[in-house]
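The next block holds one structure in the form of C-alpha cells; read it before the comments.
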Amino acid sequence: MKSDVLSFSEFAYLAEISLVIFMAVFLGAIVWMFRPGAKQAYTACAQLPLDD
Amino acid sequence: MSDIQPNTETIRYDDAIVRHFSYATIIWGLIGMLAGLWLALELSDPRFNLHEMVAFGRLRPLHTNAVIFAFVGNGMFAGIYYSTQRLLKTRLASDLLSKVHFWGWQAIIVSAAITLPLGFTSSKEYAELEWPIDIAIALVWVVFGINFFWTLARRREKHLYVALWFYIASIIAIAVLHIVNSMAVPVSLLKSYSAYAGIQDGLVQWWYGHNAVAFFLTTPYLGLMYYFVPKAAQRPVYSYRLSIIHFWALVFLYIWAGPHHLLNSALPDWAQSLGTAFSIMLLAPSWGGMINGLLTLRGAWHKLRTDPVLKFFVASLTFYGMATFEGPMLSLKSVNSLSHFTNWTIAHVHAGGLGWNGFFTFGLLYWLLPRLWKTDLHSKALATTHFWFGLIGIAIYVLAMWVNGVTEGLMWKEFDPDGKLVYGTWDEMVPALRPTYIARAVGGGLYIVGLLLMIWNFFKTWQTRGEVSDTIVEVPVRRDLSAPAGKSWHRKLEGAPLRFAMFTTVAVAAGGIFELIPSMAIKSNVPTIASVRPYSPLELEGRDIYIAEGCVNCHSQMVRPFREETLRYGDYAKAGEFIYDHPFLWGSRRIGPDLLRVGGKYNDLWHYNHLVDPRSTSPRSLMPSYAHLAEQPLDLSMTNRKAGVHAMFGAPYTEGEIGAASLMAQMQADTIADGLVELGAPDIRAVEMVALIAYLQRLGIDGKGAVDADVAPVEAPTEGRPMPLEAP
C-alpha cells in the first residue's frame, strides 16, 4: 500500500518548493550580512584566527 | 583570601594528537602516492602487473582510498584539531576520544590496505570497503563528531568562526553520505550486496561519490583555508561576509550535483539535468571562496617570494579555482559526451587532488610541524624545491592526461567517410595513448620526489626540535555563553552550535532527499523489460569475481545512446536492464572497452584465452593476466545464501532454485567446461574462471532481447588457439 502510494505520487513539486525555500533563506542571509552595522561585527570575527 | 576573580586561566592545547595525525598524513601520503605511481607504470607497460594482488583492478581502489581517506583524511584531522582548539580557546574535550579517533582511523586504513589487494571490495567507487569496515568507519566518525561537538560545547569563544562551520558541515554530511551509501546486506564476514540496484544504486553511489569530493576533499579544506591562510599571511580573511555566502551557497548547492557523473546514461533525464544545472551554479561559490582566499594575501604578496608555505597555499587555491571551473564544464552534456570514461576526468581529479588537497596539505605541514616541534624549518630552499618539483609534476601529469583523454575520446568517435568507425577495435587505439601514459608516470614521479624532499626536510627539522609538549596558553576564564551573539538571526546562529548544525543538516540532506526519493519511488523511472531475468547462480558467482578483481575499474557497463557507441558495442543501455544489479557496475572509466553487450560476442574459448593471456587475443592490450583464476578453486558454499539474498531483493528465484543454487551453478560450470575441453582447453569446471566466463557471456543479453540476428556469429576455432579480435 505504502509503496503503491509512493510509486504513483508526483514528487517533482518537492524540488520546486525546496528551491523557493532555499533561495529565500539564502537571500535572507545575504540581506542580513549586508545590513548597516554588520561590517564592524564581522571585522571582529575575521580577527579570530590571528587572536589565538 | 581575595574575592577578586582572575580574568584569565592557563590551559594546554592537545598538540600530541595533531602531531600524530600529521605523521600519519606523511606516511600514508607516501604509500598512497607510490601506489598511484605503480598504477601509472602498469598502464605504461602491463608487465608491471606483477601479481594479482597488485594488478590494476585491485590496486586502484587502494590508491584512491589511501590518498583520499588516509593522506587527506589525516591531514584534515590534524588541521581541524589544531585550529578548533585555538578558535574555541579550549583543549579538545576528551583525550581518550582523540586517541580512539586516531588509532581507530589508522586501523581502518590498515584493514583497507589488507582487504582491497585481497579482492574484498564492494566495488562502489571511494566506498569499496566491505561492511565490517564500513561500520568501523561510522563508529570512528561518530567518535570524532562527539569529540568535536563536545569541544564546541566547552568553548570559551562565543562566536563560531567560519572555519568551524565548514568542519560542522563536513562532519554531518560525511556521516549521512557514508551511512546511506553503505547500506548493504551481508552474506559473509567480508561479502555483502548493496541494498540498492541499477540506476538507484548509481544515483546513490554518485550522490555519495560526488559529495565525498565535496565534504571530504573540499569543505574541510576550505575550513582549513579560512584558518591557516590568514595565519600564514598574518592578515584577516579578505571578506568575512563573502565567507558566509560561500559557506551557505556551497552547502546548499553541492549535494545536488552528483548526477553529473551519470550524464547520457540510463539515469532519468530529469535527474541528469538537475545535476548539470546545480554543477553550473556551483561555479559561483567555488570561485567566491577561491577569490576570498587569494585576496587574503592583499598587501602580503611579496611574502610569496620567500615563504614556501604561502607558495603552496596560493598554488593550491589556484588549482581549486581551475578544478572548480573545469568541473562544471565537464558537467555539460555535450562536453561530457567526449570527456566521460576518458582520462580527461583523471586529469580533472588529479588537478584537484594533487594541486588543491596535496599542495594545501604540504603547506599546512610546513607551517604546522616546526611550530609543534618548537623549532624552525630546516631548509626553506628545500621546501621551495619541493614546491617546484610538485608543480612541474602536476603540470606534466595533468597535461598528459588532458591530451590522452581528448585523444581517446575523439578516437572513439571518429568515423570514416563511409560512416564506419575509423578505430573499429580497441586494440588499434592503445598505442596512441602510450606516450601520455609514460608522461603521466614521469609527472607523478616528480611529485613523489618532492614529497621525499619534504620528508628529508622534516627529518632534519625534527633533529633540531625543542621540548615537544603541549602548547600552554593564557585564555579568558569561562563565562556564560548562553546569551545570543547578536541581534540578527544569523548572528545568533553563529553562536549556537546545535541550531547551526541542524540548519546545516537540512541544507545538506535536502538535495539528497529530493533527488533520491523520486528516483526510488516512481515506477516510471525504471521501465520494466520483460526479457530481463535474474542471473543464474554461476553468473552470480562470476559477477562477484568480476567485482573482486576490480574489472569495473577499467571496463564500463553503460552503452550511451551515441551512434559511435551503439556501432561499437551494440544497443544502448536501458534503465530496466539493471534491476538485478546489486551493486550497479556502470564504471567511470574505459581503459578497456565497455562490456555491457559482450555476452555472446565471443565464444568461451576466446574468453579463456583472453583471461589467461590478454595479449593472445588483443596484442596491444594493457590488461593484466587473470591466469590465477584458472587455478583458484571455485567456492560454491555460499551460492545458496547469495541467491537467497537476491531473492530478498526481488529476484524471482523459487525456493527450489535457492536451495539448489550451488548444484545449478556446478551444472552450468560443467556445461561450459565440457565445451572448452572439446576445444582443447584445460578443464576449468572447478575453478573461478568458469564462473567469470559464465557472467561475461550473460552480460547484456537480456537487454537487447537476444543476440542480434544480423551480427555474424564468431566461428569457433578448430583448435585451442587464441581468436583474433574481430571488429564489431
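Miscellaneous remarks
- Residue B:379 accessible area, assembled protein chains, probe 1.4 Å, Å²: 30 Å²
- Net charge, residue B:580 excluded, C-beta distance under 15 Å - Lys, Arg +1, Asp, Glu -1: -3
- Per-residue SASA remark: residue B:442, around 80 Å² accessible (1.4 Å probe; ligands, DNA and RNA not included).
- Amide H contacts of residue B:581 (H built 1.01 Å from N, in plane; Pro and chain starts excluded): B:198 sit under 5 Å, all sequence-distant by 5 or more or on other chains.
- Relative contact order %, the stretch B:394-466, counting alpha carbon pairs below 8 Å whose residues are six or more apart: 41 percent
- For the stretch B:526-587: rounded, prolate or oblate by the Cα gyration tensor [a/c cutoff 1.5]: oblate
- Net charge dipole size for chain B [Lys, Arg +1 and Asp, Glu -1 on Cβ; Debye, nearest 20]: 3920 debye
- Classified by the C-alpha gyration tensor, the protein assembly as shown has a prolate form. Its axis ratio a/c, with a ≥ b ≥ c, is 1.5 or above, and a/b is larger than b/c.
- Point-charge dipole on Cβ atoms (K/R +1, D/E -1) for the protein assembly as shown, about Cα centre, debye to 20: 3960 debye
- Relative contact order of chain B: 17 percent, from C-alpha pairs under 8 Å at least 6 residues apart in sequence.
- In the stretch B:47-134, taking the dipole from charged Cβ atoms about the Cα centre, the farthest positive-side position among B:87, B:104, B:51 is held by B:87.
- Residue by residue, the stretch B:548-554 carries 3J(HN,Hα) couplings of 5, 7, x, 4, 5, 6, 10 Hz when phi is fed to the Karplus relation 6.51 cos²θ - 1.76 cosθ + 1.60 (θ = phi - 60°); x denotes Gly or Pro.
- Other-chain or far-sequence residues with amide H under 5 Å of residue B:415's (modelled H): B:422
- The HN-Hα couplings worked out from phi for the stretch B:642-648 by the Karplus form 6.51 cos²θ - 1.76 cosθ + 1.60 (θ = phi - 60°) are 4, 4, x, 5, 5, 5, 4 Hz, whole numbers, x standing for Gly and Pro.
- When the square roots of the Cα gyration tensor eigenvalues are ordered a ≥ b ≥ c, the ratio a/c for the stretch B:573-706 is 1.5 or more and a/b does not exceed b/c, which makes its shape oblate.
- Close amide H partners of residue B:184, meaning residues 5 or more places away or on another chain with modelled amide H under 5 Å apart, are B:195.
- Apportionment of accessible area to carbon and sulfur, the protein assembly as shown, percent (1.4 Å): 67 percent
- Residue pairs, from the table B:333/B:704; B:89/B:303; B:231/B:311, whose Cα atoms sit over 23 Å apart: B:333/B:704; B:89/B:303
- Heavy-atom accessible surface that B and A bury in contact, both chains counted, 1.4 Å, Å² to 100: 3000 Å²
The values are calculated or read from the model by the stated rules, or taken from the named source; none is laboratory data. Note that the coordinates shown come from a computational prediction; the quantities given were computed from them, not determined experimentally. Cβ sites come from the backbone with ideal geometry, for glycine too, and all protein chains shown count toward neighbours. Ligands, DNA and RNA are stripped out before the accessible areas are found, and what is left, the full protein with its side chains, is counted by its heavy atoms. Shrake-Rupley method; radii C 1.70, N 1.55, O 1.52, S 1.80 Å.
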